[in-house]
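Report on the structure given below.
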Amino acid sequence: MNEKVMEGSHAISEAVRLCNVGVVSGFPITPQTHIIEAIAEHCSDGTMKAKYINVESEHSAMAAIVGASSAGTRAFTATSSHGLALMHELLHWAAGARLPIVMGEVNRALGPGWNIWTDQTDSLSQRDTGWIQLYCEDGQEALDTVIFGFRLAELVNLPVMVIIDAFLVSHTYEAVSVPTQDEVNEFLPAFNPRIKLDLENPQALNQMASPQYYMEMRKSMQLAMETVEDIYDEVEDEFHDTWGRRYGSVEGINLDADVVFVTSGTATTTCRLAIKDLTDKGESVGMLKIKMFRPFPAKGIQNALKNAGKVAVVDRNFSFGAGGIFAQEVKSSLCNLKDAPVVFNFIAGLGGRDITTDTFFEMYEKVNANDIPQTESEWIGINEQELK
Amino acid sequence: MVSEKKGMKLENTVSLFISRSAHRSSEMNKTGSWRFSLPVYKDKTAPCSAACPTGTEIPRVEMHMSRGEVRKAWEKIIWENPFPAVCGRVCFHECEGACNRKNLDSAVGINSLEKFIGDIALSESYTFDEVEGTTNKRVAIIGAGPSGLSAAYFLSKLGFLCEVFEKESEAGGVMRWGIPSYRLPKNILLDEIKRIEELGIKIHCNRELSIDEFNNIKNEFDAVYLGCGLGASISPGFEGESLLEEGSIFLKRVESEKMSLDGQDIAVIGGGNTAIDVARSLIRTGAKATILYRRRKEDMPAFIHEISAAEDEGVKIVELVSPTCVKHKGEMLEIDLQEMTTGDIDSHGRMSVRPLGGKRSLIYNKIISGIGNQIKDTWHSPDQNNSKMELKNSIIDITGDTPLVYGGDLTNKNQSVSDAIASGKEIAIVLDLHFKGDSDIIDSLEKCRVGVNAISFEIYRGGRKQYKEFVEFKNVNIDYFDKEDRNELPQISKEESINSFNEVEKNYTFQMAANEALRCFNCGVCNDCDNCRVFCPDASIIIEDGKRVIKTDFCKGCGVCVTECPRSAMGMEEEKV
């Protein structure tokens, strides 16, 4: 193991280089480009043995990866925002075909207005495609998540999206501990798929399925999804044994506090500072980081939040006409819990606007000022003048 | 710090159910349910079979022949026709005129193939199967011509006991006395007749019946068939006609005498096959032969190839002359001729002629009339007063105690050996139906119909299905057939032809026959080419117990098999839910 200073994008590229990936395909889009750019260089200079397939769009990139994975090779791509949206059809296909693809996804706002900065709405729009979604706070977590993401994907035959924030992770240089190839080889066994295109056993995959069978196929996906939380824990156990790091599908700090923030992505890092400041001032405040959004770890969240006074979910995303997407999921997790805490929902940092410790202080005050949250999500830092 | 358990402990045991072809998806997804019509193996009637007066299933004959299965080919023919070697020589083969192959290059040599098959059957002494069971009914057959002998053959197969009464010294009728041996060698005919006799048929020769004897026979037998033929010449009807020799008598003399007419100049009046046969026979006796015909050459009812063969051998044809008078001129005969010219097309589609005005006279050593024959005794044809069933090839009178059936040249529109065979078969089936008490003979007969005129004995006996659909040329997938020259029968030299009564046409070699049979499209008949199975995109055609079977689980009804069937032996049938 050696420590290197690198940007978050390259932490992902580095992980992919170590994972014995057979095929990579991708199409450039800011702020993802650095990921596949570095991989393309690795393939070109021979430090990576993968076949790199140039394509004309993200739709084709995913199609190529679906083909490669169907043929039984480990495959990777990365995208962001509009690119992810263009891939949408193939995301369903990859999951329905039960292919253990890993994809790097850099959260970026969707236009218009044209905006390249961070916003989770792109990945959360893909929540019903059947992909596992794992959100990361920093470069190290991104590197680690790619490595155990492949392990997880191949154990449950579901694709994994490893998600980082635009620029705040993708373009930010941090010290990252990079595992050795031997360590990764031992942690991540050779890909040995249960079903693949095979010359020795020719078959056509994923053809017509009549109503008589389709529902069972979807139930099969859900059964696999239902095993993910447990297998994720076991994979993390093994990962921890090797490298001494673990993240959990959720991570809680001071969960019995009067106010518990629920965060994801880099807002978590800021939240860590904010609750430290508040705690130092004698406030009762805690934090729950949600790393795994799909499958949604409802039981873990119920368990984590059952003793909280009030819950404040910070969403860097929005579902128009409804509310913050994490908040919706948290609320539905808690709704059948006896004496469940009330859930406040704040919308902050869309389109790359900064979420600072002050943002958390403002939200904390708003929670304390009200016993019952308003029905609608509360947007933080809105310049009302612009809306007139 | 790498622990030992890593990487090996966890196993992928999640539910993993996707559609795939290897096992589950093709079982789960029975694509046959998409189908709305199903391909079926469906034999059809070929145009040759429909055109054949005997309804022989020619595509199957040729299929066997193409495989070298001569015995099977012969067995197929004799279901419908006991005279393959004769018909292979004398039949006017409308089958070839109807052959779909003529639209690609030229018709299959069906007639020649029949001759080859018939001759192999004789040289290999193939015999008819013995008849099992008897009706104990006795049928008298008057006339041992092609219709009478065929009637005896088919009746015997149906268990009737037959006796044939023949006025001549030998059986065969027109085949024996009317067709010269350069077209039909005597031994071929006698061998085929002998094989029929061996079924247990008694043929009484030199038994010309008087009307009294006929009446006795009616009482003695359960049924009587009259196939007496046309025993009298048609009188030409001009002055001096008694100076002419009758064509049929001349042909009989040629068969029985060693005749030499070296250098004589002899005229033949007429344009039918008799006139041609007489003229070609004259050439062989050393005479010079001239045919005098009142219409044009293209109007002659004789077969075209016979006309050209005659001309080839030196027969001269004078068209558009009508005789008006024959008289002695010293040792010679002088014939006065009215010159004719063409008029309008008559109601039969034939060019009419009318006198032009000019006259001329020609001088010959001898003049022979070849204008045709007519009925000899009135009792040979049905009683005008009785009600009768008039069928395609026979007339049935069941008004008396003994059914009387009439066929052959007496009843047939086309006076040919093949039509005579059709008569014999038709009356055999009709009598069988009659004695079985069939309530609707016409309808029962219709169920055995092939094409328009023919009746199939094999269908009657349940050995072959009746196919209503016909194969037209457009139904044949000619992508599978290359143009290929027809194999013609080799011929003896012209010198040998005109100096002897040796058969002009020789026979195919085995290889030629097989090659010619391979030219047959086998219209409407599955010949196991296997295209359907090979082309099926769903592997839904399999071979079970040597037969192709369409499996319906995955057949989407795409119809590729039907399209790729070269010979239209398949079809699509709509499926009703």
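Read-outs throughout are calculated quantities, based only on the coordinates presented, and are distinct from any laboratory measurement. Just so it is clear, the structure is predicted and the values come from calculations on it, not from any experiment. Every residue, glycine as well, gets a Cβ built from its backbone with ideal geometry; the counts of neighbours run over all protein chains shown.
Taking max minus min of the alpha-carbon positions on each principal axis, the range A:16-102 gives extents of 33, 30, 18 Å, largest first.
Here the range B:381-467 is treated with +1 on each Lys and Arg Cβ and -1 on each Asp and Glu Cβ, and its dipole about the Cα centre works out to around 440 debye. Ranking A:360, A:255, A:343 by Cα position along the charge dipole of the range A:251-387, where only Lys, Arg, Asp and Glu carry charges on their C-beta atoms, puts A:255 farthest toward the positive end.
The Cα-based radius of gyration of the range A:280-324, divided by its Kirkwood radius, gives an Rg/Rh of 1.02. Peptide A:207-219 is shielded by partner chain Cβ atoms: per residue, an average of 4 of them sit within 10 Å of its Cβ. In units of the rule-of-thumb radius 2.2 N^0.38 Å, the protein assembly as shown shows an alpha carbon radius of gyration of 1.66.
Sorting A:273, A:91, B:226, A:143 by the number of Cβ atoms found within 10 Å of their own Cβ, with the fewest placed first, yields A:273, A:91, A:143, B:226. Pairs of Cα atoms nearer than 8 Å and 6+ residues apart set the relative contact order; for chain B it is 22 percent. Across all directions, the average flat footprint of the convex hull enclosing the Cα atoms of chain B is 39.3 nm². Farthest towards the positive end of the charge dipole of the range A:2-243, among the residues A:217, A:145, A:124, is the Cα of A:217, using unit charges on the Cβ of Lys, Arg, Asp and Glu.
If you build the convex hull over the alpha carbons only and average its shadow over all orientations, what do you get for the range A:289-388? Give it in nm² to one decimal.
Mean projected area of the Cα convex hull: 7.3 nm².
In whole angstrom, the range B:55-171 maps to an equivalent ellipsoid with semi-axes of 29, 16, 13, each derived as √(5λ) from the alpha carbon gyration tensor and ordered largest first.
Each 10 Å bin from 0 upward holds the following percent of the Cα-Cα pairs of the range A:157-315: 8, 25, 30, 22, 11, 3, 1. A cut-off of 5 Å between modelled amide H atoms, ignoring neighbours fewer than 5 places along the same chain, links residue B:233 with B:374.
Going by the alpha-carbon gyration tensor, a ≥ b ≥ c the square roots of its eigenvalues, is the range A:29-75 rounded (a/c under 1.5) or, if a/c is not under 1.5, prolate (a/b greater than b/c) versus oblate? Taking the square roots of the gyration eigenvalues as a ≥ b ≥ c, the range A:29-75 is oblate. Calculated from the alpha-carbon coordinates, the range B:109-243 shows an Rg and a Dmax of 17.2, 59 Å respectively. Only lysine pairs 8 or more places apart, or on different chains, with alpha-carbon atoms under 27 angstrom apart are counted in the range B:235-372, and they number 26.
Projecting the Cα atoms of B:310, B:467, B:180 onto the dipole axis of chain B, where Lys and Arg carry +1 and Asp and Glu carry -1 at the beta carbon, places B:467 farthest toward the positive end. Legend: residue pairs B:42/B:194; B:425/B:474; A:4/A:51, Cα-Cα distance threshold 30 Å; pairs beyond threshold, B:42/B:194; B:425/B:474. Using only Cα coordinates, the Kirkwood hydrodynamic radius of the range B:252-375 works out to 15.1 Å.
Can you work out D for the range B:104-153 in µm² s⁻¹ from Stokes-Einstein, where Rh is the Kirkwood radius over C-alpha pairs, the temperature is 4 °C and the viscosity is 1.567 mPa s?
90 µm²/s
For the listed peptides A:276-282, A:325-331, A:144-150, a ranking on the average number of other beta carbons within 10 Å per residue, highest first, reads A:144-150, A:325-331, A:276-282.
Across the range B:363-370, computed HN-Hα scalar couplings (Karplus, 6.51 cos²θ - 1.76 cosθ + 1.60, θ = phi - 60°) run 10, 9, 5, 7, 10, 10, 8, x Hz from first to last residue, x flagging Gly and Pro.
Dipole size in debye (nearest 20) for the range B:235-372 around its Cα centre, Lys and Arg Cβ +1, Asp and Glu Cβ -1?
The dipole of the range B:235-372 has a size of about 140 debye.
Which value, in debye to the nearest 20, describes the size of the charge dipole of the protein assembly as shown about its Cα centre when Lys and Arg Cβ atoms bear +1, Asp and Glu Cβ atoms bear -1, and nothing else is charged?
Its charge dipole is roughly 2060 debye.
Scanning residues 5 or more positions from residue B:268 or on other chains, those with amide H under 5 Å from its amide H are B:290, B:291, B:292, B:368, with H placed 1.01 Å from N in the peptide plane. At q = 0.25 Å⁻¹ the log10 of I(q)/I(0) for the range B:61-126 amounts to -1.09, computed by Debye summation with a single uniform scatterer per C-alpha, solvent ignored. Taking every alpha-carbon pair in the range A:142-214 and binning the separations at 5 Å intervals from zero gives 3, 11, 15, 15, 16, 13, 9, 7, 6, 4, 0 percent. Put the Cα centre of the range A:243-306 next to the Cα centre of the range B:175-245 and the gap is 119 Å.
When the pairs B:72/B:137; A:310/A:331; B:30/B:556; B:72/B:465 are compared against a 21 Å limit on Cα-Cα distance, B:72/B:137 fall above it. The helix-based estimate of mean residue ellipticity at 222 nm for chain B, built from -39,500 (n - 2.57) per DSSP H run of four or more residues and divided by its residue count, is -8500 deg cm²/dmol to the nearest 500.
Size descriptors for the range A:2-243 (Cα atoms only): Rg and Dmax, in that order, 17.0, 54 Å. Taking packing as the residue-averaged number of other Cβ atoms within 10 angstrom, the listed peptides B:165-175, B:294-304, B:148-158, A:349-359 run from highest to lowest as B:148-158, B:165-175, A:349-359, B:294-304. For chain B, hydrophobic long helices are taken as DSSP H runs at least 24 Å long by C-alpha position along their axis with mean Kyte-Doolittle hydropathy of 0.0 or more; these are B:417-435. Count Lys and Arg as plus one, Asp and Glu as minus one, and take only other residues whose Cβ is under 10 Å from that of residue A:177; the net charge is then 0.
The relative contact order of the range A:251-387 comes to 25 percent, based on Cα pairs under 8 Å that sit 6 or more residues apart. Here the Kirkwood formula, the inverse mean of 1/r across different C-alpha pairs, assigns the range B:420-493 a hydrodynamic radius of 15.6 Å. With θ taken as phi - 60° and the Karplus curve 6.51 cos²θ - 1.76 cosθ + 1.60 applied, the whole-hertz 3J(HN,Hα) list for the range B:532-541 is 4, 5, 5, 7, 4, x, 10, 6, 9, 10 Hz, x standing for glycine and proline. For the peptides B:486-499, B:386-399, residues were scored by their other Cβ atoms within 10 Å and the scores averaged per peptide; the highest-first order is B:386-399, B:486-499. Between amide H atoms placed 1.01 Å from N, distances below 5 Å from residue B:491 occur with B:506, all of them 5 or more places distant or on a separate chain. Of all aspartates and glutamates in the structure, those lying under 15 Å Cα to Cα from residue B:392, and not within fewer than 8 positions of it along the same chain, are B:409, B:419, B:426, B:443, B:446.
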